[in-house]
2 protein chains.
Amino acid sequence: MRLKELASHLGLSQTTVSRALNGYPEVNEETRQRVLDAARRYDYRPNASARRLATGRSGAIGIVLPTDRNLLLDPHYVEFQAGLGERLMKDEIDIVLSPSRAGDEMATYRRMAVSSRVDAVILSSPTVGDPRVALLTELGLPFVVHGRADSPIDHAWLDIDNEGAFRHATKHLLDLGHRRIGLINGETRQTFAIDRERGFRNALAAHGVAADERLIAEGIMTDETGYRLTARFLAEAPRPTALLVSSMMMSLGALRAIRSAGLVLGRDVSMIAHDDVIPFLNPDAMVPTMSTTRSSIRAAGTRVAELLMEIVADGRAPDSIHELWPVDLVIRGSTGPAPRD
Amino acid sequence: MRLKELASHLGLSQTTVSRALNGYPEVNEETRQRVLDAARRYDYRPNASARRLATGRSGAIGIVLPTDRNLLLDPHYVEFQAGLGERLMKDEIDIVLSPSRAGDEMATYRRMAVSSRVDAVILSSPTVGDPRVALLTELGLPFVVHGRADSPIDHAWLDIDNEGAFRHATKHLLDLGHRRIGLINGETRQTFAIDRERGFRNALAAHGVAADERLIAEGIMTDETGYRLTARFLAEAPRPTALLVSSMMMSLGALRAIRSAGLVLGRDVSMIAHDDVIPFLNPDAMVPTMSTTRSSIRAAGTRVAELLMEIVADGRAPDSIHELWPVDLVIRGSTGPAPRD
DNA sequence: GAAATCATTCAAAGCGCTTTCAATCGACCT
DNA sequence: AGGTCGATTGAAAGCGCTTTGAATGATTTC
């Protein structure tokens, strides 16, 4: 069923039918009802390409998907995407995934922009001075960064307070008497990891405790990295009595390492992990339950979608968008007072 | 830069330029070169919507994304998507994700088809007699099922040999002397889980061993389910000496339960888990290393993309597409001879 | 009662491509 | 020489929608 047919069925012009369907005010209410009824009856759906061509808007937002970076291997990513989708669904906006090899990423963004395939894009996993910010700004393709790119160019971003989260968590451990605290971080190419390390160091400094560089390490956020780094830390003498871990996935490995060393989590070693609220990594289901810094990555996805819509549909100025979300510190069974020796 | 401008820059008609760019044979080679050079120089990119409108093809394939089913929470899904993307990238085909609430799924497929947003779709996690197969067939929207829908309607599918995989794995355990073997399966709504259970039972039957229904259980494939079901099995008397587990994620929980019971994996209890080759769940990195039935879900994604292209671009008949992939049985440290009691 | 205003509706002009159908120009054939 | 054919190019007609500018009656206004 095409607009033309629908119009002739109704004995109306395409113009009127189109307006009725799109909610323009100048059409008679009675006419609009007739049109709406007919559209439903014939299951009419406007052709997406035609509409896009006519309006110049694509009705889609883009994500460039590096096929070989770890973004993809990452459950966080899926969860974020789910949040995104939840919001976008309401306005029937599609997500266009454009896979791209690591080197071609910039070209892919360019392609998306020039071929007007999407109205806006999302930047995930920003690095320091991320070149994508400059590119997109130059291309005039609206975007929201999930995280912060720390770029000289002002841009729209939504981030969680990583510094504050890890500062509070560290402070909590210090208050429990811990002095040797290890940090198992994500890769410090990414801004969130830098911020967390800063929070960690700030808390130590504020307490007059010197940071031990041998107890600060980073890596991709996998179970395996968690295991390896924790095992390394525990081999130090004296060993750390508490651990700050950047993801629940890593905390799984960390826990394995702690057990392998014959130690008990929450007694010999305390741990606080960052929890992005991923359904299959539930801190309450762990044994012992895991103390966390918590912020739902899914909710962030929803909000980023919302912001994107505000920019594209309502013309909101991107540089007015800077949201920093607070992070909860949830104390559970994996933290306890520092053991005395 | 628009086609029109480009053409006038070159002193050619749009027709010729369009043909040159799209590789039609009737244009002079010299002319084609000039056009290609100019296109590169001006960084010309055809407008995606216009092209789609003109050709009637959307240059995208669709995935309906149930926002509240567990498909999403699932790393398998991401990995599959990565494989898909890898292949689609080559032809600059987009993936359109259409989020949808569980109830609306069918409507979303319908919308995708009628608005010709995509040229084809992918069906994941098929259930027995999956209604989507009938719907898509009726709508005339090409699709490939990842898995098998076990529907009366013939359709394109790619699946791994789940029955064979679990049959072989079970046989291997039987050959090692195990007689009490537990099965921790994915939800038996899904065809893959049914096939695995069948393989398991077939192997037992072939060996003349009666299946113990108390040692067969299912659930969503999470760490938590793995823990819970394993703990339950180990409480039986006599307890199972071996376990077949449907995912690496579950095997993590299973391992925890085994340890909690004071047992040693690979000695007191053997385990074989299904490995979809997810980068952050590496069976070689586990302690002990995990015996698995292995088939790369990413490779499956790549191949599904390939098949989709064959249907859409080359007009291959969907009902000629039935691929059943064999599954490797990889024996590592988590399996050993049955303990004698 | 004529002019002006308002509420509705429509015809037609794009949006930027692809593709059909014709036109042109030498080369080739009889 | 007149006609045919193959190679190359172009003009114009869509693809299905939105939107501009105009038209039509009906309703007010002076």
Mean accessible area per residue over chain A (1.4 angstrom probe, all protein chains present, square angstrom) is 40
How much solvent-accessible surface does residue B:157 expose, in Å² to the nearest 10, with a 1.4 Å probe and all protein chains in place? 40
Gaussian network model of chain B, Cα within-10 Å springs - most flexible of B:261, B:300, B:156: B:261
For the protein assembly as shown, state the average projected area of the convex hull of the C-alpha atoms over all orientations, rounded to one decimal in nm². 35.0
Other-copy label distances relative to residue A:1, 7 angstrom Cα-Cβ extension, nm: 4.3
Classify the range A:162-294 from the C-alpha gyration tensor, please: rounded if a/c falls under 1.5, else prolate or oblate depending on whether a/b exceeds b/c. rounded
What nm distance separates the two modelled labels at residue A:139 and residue A:8, each placed 7 Å from Cα along Cα→Cβ? 4.2
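Using R₀ = 51 Å, calculate the FRET efficiency as 1/(1 + (r/R₀)^6) where r is the Cβ-Cβ separation of residue B:24 and residue A:90; round to 0.05.
The computed FRET efficiency comes out at 0.75.
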Need one value: the accessible area of residue A:92 in square angstrom, 1.4 angstrom probe, rounded to the nearest 10. 70
Assume the label is 7 Å from Cα along Cα to beta carbon: what separations in nm does residue A:314 have to the matching positions in the other copies? 5.0
By accessible area (1.4 Å), largest first, A:76, B:9, A:322 order as B:9, A:322, A:76
Which value, in Å² and to the nearest 10, is the accessible area of residue B:63 when all protein chains are kept and the probe is 1.4 Å? 10
At a 1.4 Å probe radius, which order do B:276, B:104, A:314 fall into by accessible area, largest first? A:314, B:104, B:276
Taking accessible area as the heavy-atom solvent-accessible surface of the protein chains with a 1.4 Å probe, which residues of the range A:220-250 lose no less than 10 Å² upon going from the isolated chain to the full protein assembly? A:222, A:223, A:224, A:227, A:249
Inter-part distance where the range A:187-263 and the range B:75-105 are each reduced to a Cα centre, Å: 34
Just name one of B:227, B:162, B:242: the one whose Cα is farthest towards the positive end of the charge dipole of the range B:151-242 (beta-carbon charges, Lys/Arg +1, Asp/Glu -1). B:242
Here the correct list, in nm and shortest first, of distances from residue A:179 to the same site in the other copies, label points 7 Å along Cα→Cβ, is 6.0
Taking chain A as a Gaussian network, where each spring joins two C-alpha atoms under 10 Å apart, which residue of A:85, A:186, A:262 fluctuates the most? A:262
Placing each pseudo-label 7 Å from Cα in the direction of the beta carbon, residue B:153 and residue A:106 end up separated by a distance in nanometres of 4.7
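Sort B:40, A:45, A:2, A:340 by heavy-atom solvent-accessible area, probe 1.4 angstrom, most to least.
A:340, B:40, A:2, A:45
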Which FRET efficiency, nearest 0.05, do residue B:285 and residue B:260 yield, Cβ-Cβ r, R0 22 Å? 0.55
Helix-only mean residue ellipticity at 222 nm for the protein assembly as shown, each DSSP H run of n ≥ 4 adding -39500 (n - 2.57), per residue, nearest 500: -13000 deg cm²/dmol
Please list the non-local residues whose amide H lies under 5 Å from the amide H of residue B:243, H modeled 1.01 Å from N, same-chain partners needing a gap of 5 or more. B:182, B:270, B:271, B:272
Give the angle, between 0 and 90 degrees and rounded to the nearest 10, that separates the Cα long axis of helix B:105-114 from the longest principal axis of the Cα atoms of chain B. 20
Rounded to 0.05, the calculated FRET efficiency for the beta carbons of residue B:322 and residue A:340 at R₀ = 51 Å is 0.15
Give me the distance in nm between label points sitting 7 Å out from Cα along the Cα-to-Cβ direction at residue A:55 and residue A:314, one decimal. 1.7
What percentage of the solvent-accessible surface of the range A:292-334, computed with a 1.4 Å probe over protein heavy atoms, is contributed by carbon and sulfur atoms? 51
Neighbourhood charge, 9 Å Cβ-Cβ cut-off, centred on residue B:180 and excluding it, Lys, Arg +1 and Asp, Glu -1: 0
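The values are calculated or read from the model by the stated rules, or taken from the named source; none is laboratory data. No experiment lies behind these values; they were computed from the predicted model shown. With ideal geometry, Cβ positions are generated from the backbone for all residues, glycine too; neighbour counts draw on all protein chains shown. Calculation scope for accessible area: heavy atoms of the full protein, side chains included, ligands and nucleic acids excluded. Shrake-Rupley method; radii C 1.70, N 1.55, O 1.52, S 1.80 Å.
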